[in-house]
Amino acid sequence: MTAYDAIVIGTGQAGPYVTSRLAGAGMKVAVIERNAFGGTCVNTGCIPTKTMVASAYAARVAARAAEYGVDVGSVRVDMKRVMARKDAVSKESRTGLEDWLRNMEHCTVYQGHARFESAHEVSEVFHSDGVYAGTDEPYLFGRRRTGGPDPERGSYRSFASFRDPDGNGWLFQEVTTRLAGRIDSGATTFASANDLAAAFRRAEAAHGKYEARLGQRDANWPEWYAAYMVAEQAGKELPS
Ligand SMILES: Cc1cc2nc3c(=O)[nH]c(=O)nc-3n(C[C@H](O)[C@H](O)[C@H](O)COP(=O)(O)OP(=O)(O)OC[C@H]3O[C@@H](n4cnc5c(N)ncnc54)[C@H](O)[C@@H]3O)c2cc1C
């Protein structure tokens, strides 16, 4: 288990700045973010709403330009471009913040859900480093531990462990895709809010690449996400 002087959970309004102050003072700091860097303000709150307010303000001023002796012709709001600008501004803040933290001296960034093991310990997610040397069968992945989740986010490949008050050791495995035979392909279910959130994150990442190929915002993202998550759980070909 790695020891830190401070563990910051969440990269919302206070997290990144307290991290910077602590790391700047030479403390060894871990930052854990389970979702989008920047939290509510950057991704769904202040910044996106204010970029849309700015667009509305521009439209309002342009619409009233004649009152000020300025002729701009007819004014039309292109919502697709308004939303694309909003997404771009949010993305710039999000990635800027993430890069800042990842490149910060004395700071280690973990992406995942932080849980308290006890009053003073937070479990560290780990994965195997790919060397499966051992005599036990079936081999338990993770004997040689590397910090962070499995880079491929393979099913049963990311772990966390804890010890209960009786001293028993426990190991969690992350299930990203259920093995065939354990699911009804006609029904899509999630065991917990965390499982659902993780599925959303994987769909979001894949959808980001899809939008990049598309070269524009995909207004039908809910259908795309739904198709992706259903196909993933059913083990069928994923939308590309
Ligand atoms: C539509 C909207 C508009 C807003 N506009 C304004 C505005 O103009 N001005 C203003 O001052 N405020 C505004 N707000 C409010 C502002 O966004 C919030 O007050 C602020 O973002 C709260 O910051 P926070 O750091 O407390 O929480 P959050 O921003 O929610 O950050 C918490 C972070 O912690 C992470 N996290 C939580 N639990 C865990 C865990 N167990 N493990 C790992 N990570 C975890 C989350 O993923 C998240 O990234 C707005 C809010 C909304 C919804």
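The values are calculated or read from the model by the stated rules, or taken from the named source; none is laboratory data. Model, not experiment: these values are computed from the prediction. With ideal geometry, Cβ positions are generated from the backbone for all residues, glycine too; neighbour counts draw on all protein chains shown.
Could you look through the range 187-240, keep only residues that are in contact (Cβ under 8 Å) with a residue 60 or more places away in the chain and within 18 Å of the chain's Cα centre (by Cα), and pick out the one that is nearest to M83 (Cα to Cα)?
R201
Going through the range 54-113 one residue at a time, which ones are aromatic (F, W, Y) and surrounded by fewer than 17 Cβ atoms within 10 Å (Cβ to Cβ)?
Y57, Y68, W100
Can you find, within the range 21-46, the residue that is surrounded by the most Cβ atoms within 10 Å (Cβ to Cβ) among those that are near the ligand (Cβ under 8 Å from one of its atoms) and farther than 21 Å from E92 by Cβ?
Top of the filtered list is I32.
For the range 47-77, which positions are within 16 Å of the ligand (Cβ to nearest atom) and touching a helix residue (DSSP H, G or I) at 6+ places or on another chain (Cβ under 8 Å)?
Passing the criteria: I47, P48, T51, M52, S55.
All but one of (1) out of contact with any Gly (no Cβ under 8 Å at 6 or more places or on another chain); (2) surrounded by 15 or more Cβ atoms within 10 Å (Cβ to Cβ); (3) not in a helix (DSSP H, G or I) hold for V8; which doesn't?
V8 satisfies every listed condition except (1).
Scan the range 91-106 and give yes if some residue there is among the hydroxyl-bearing types (S, T, Y), away from the ligand (no atom under 16 Å from the Cβ) and modelled with pLDDT of 70 or more, otherwise no.
Scanning the range 91-106, I find no residue that is among the hydroxyl-bearing types (S, T, Y), away from the ligand (no atom under 16 Å from the Cβ) and modelled with pLDDT of 70 or more, so the answer is no.
With T135, T49 as the choices, which residue is of a type outside the set (G, A, S) and at pLDDT 95 or above?
Every option except T49 fails the conditions.
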